[in-house]
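The values are calculated or read from the model by the stated rules, or taken from the named source; none is laboratory data. In this text the structure is predicted, and so the values were computed from the model without any measurement. Please note: Cβ atoms are built from the backbone with ideal geometry, for glycine as well, and neighbour counts cover all protein chains shown.
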Amino acid sequence: MNPPASTPPADAAATTETAAHGAEADSVVLEEEIDPNYVPSESEVVEYAIWLGMDLENDKDLYWIAREGLMAPLPKSWKPCKMVSTGELYYFNFSNVSYLH
């Protein structure tokens, strides 16, 4: 399951990636641009809390974790990516890339 589409709270500039054989890939790598004034809405916090597996009645005291997670930058080697065909967002760790030929 992917995090909510509102994560991360960033505008992104797209760069086209190419597949190993020179054909354009179905994914676009995005650059994270953090808005320092971003504050997640309550509905975004609840959506992310659900995705994290929180119980909405019993874990309200832990919503701060979801709120902070929505505002935190991605780790250094992670990039947001977007599927061109579907528009789906996902996150990829580029430090763990290996190709089998």
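For region 58-86, how many residues meet the condition of being among the small types (G, A, S) and within 23 Å of N37 (Cβ to Cβ)?
Qualifying residue count, region 58-86: 3.
Each row is one residue, and each column tells you yes or no for (1) exposed (fewer than 10 other Cβ atoms within 10 Å of the Cβ); (2) of a type in the set (D, E); (3) at pLDDT below 95.
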{"site": "E17", "(1), (2), (3)": "no, yes, yes"}
{"site": "G22", "(1), (2), (3)": "yes, no, yes"}
{"site": "A25", "(1), (2), (3)": "no, no, yes"}
{"site": "E44", "(1), (2), (3)": "no, yes, no"}
{"site": "S85", "(1), (2), (3)": "yes, no, yes"}
{"site": "L100", "(1), (2), (3)": "yes, no, yes"}
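Tally the residues that are farther than 18 Å from E44 by Cβ and in contact (Cβ under 8 Å) with a residue 24 or more places away in the chain, restricting the search to region 70-87.
Total satisfying the criteria: 6.
Would you pick out the residues in region 70-83 that are closer than 11 Å to V28 by Cα, in contact with a Ser or Thr (Cβ under 8 Å, 6 or more places away or on another chain) and either among the hydroxyl-bearing types (S, T, Y) or surrounded by 14 or more Cβ atoms within 10 Å (Cβ to Cβ) (or both)?
Once the filter is applied, which keeps residues that are closer than 11 Å to V28 by Cα, in contact with a Ser or Thr (Cβ under 8 Å, 6 or more places away or on another chain) and either among the hydroxyl-bearing types (S, T, Y) or surrounded by 14 or more Cβ atoms within 10 Å (Cβ to Cβ) (or both), region 70-83 yields C81, K82.
If you take the residues in region 46-69 that are in a loop (DSSP other than H, G, I, E, B) and free of Cβ contacts under 8 Å to residues at least 12 places away in the same chain, which one is surrounded by the most Cβ atoms within 10 Å (Cβ to Cβ)?
D59
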